[in-house]
Amino acid sequence: MRAWNTATMEQAQQFKAHGRRVRGIAFLTDGTLVSASEAGDIRGWDLATGEERFALDSRPAKVMSIVAVS
């Protein structure tokens, strides 16, 4: 996955890929990007540094969407 600076149209960050297709993303107010894949994993990323903050595994279930409330 990649994040882009919309003002400059340059790539701002690149995040380690999931094992399968990403099905949903959400942005948290603390600067975390949360992504969910059909492989069943959910990951949280620091938008500023690109570092992974957390990883969750829901296997064998597929994750088809994600909603974040903060």
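At-a-glance table
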quantity: Kirkwood Rh (inverse of mean 1/r, distinct Cα pairs), the chain, angstrom; calculated: 12.4 Å
quantity: Å² of accessible area per residue within the chain, as computed with a 1.4 Å probe and no ligands counted; calculated: 67 Å²
quantity: Accessible surface of the chain [probe 1.4 Å, protein heavy atoms]: carbon and sulfur percent; calculated: 52 percent
quantity: Order by protection proxy (mean Cβ within 10 Å, highest first), peptides 55-68, 36-49; calculated: 36-49, 55-68
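The values are calculated or read from the model by the stated rules, or taken from the named source; none is laboratory data. Note that this is a predicted model, so its numbers are computed, not measured. Here the Cβ is made from the backbone with ideal geometry for all residues, glycine too, and neighbour counts use every protein chain on show. Protein only, heavy atoms only, side chains kept; ligands, DNA and RNA dropped before computing areas. Shrake-Rupley method; radii C 1.70, N 1.55, O 1.52, S 1.80 Å.
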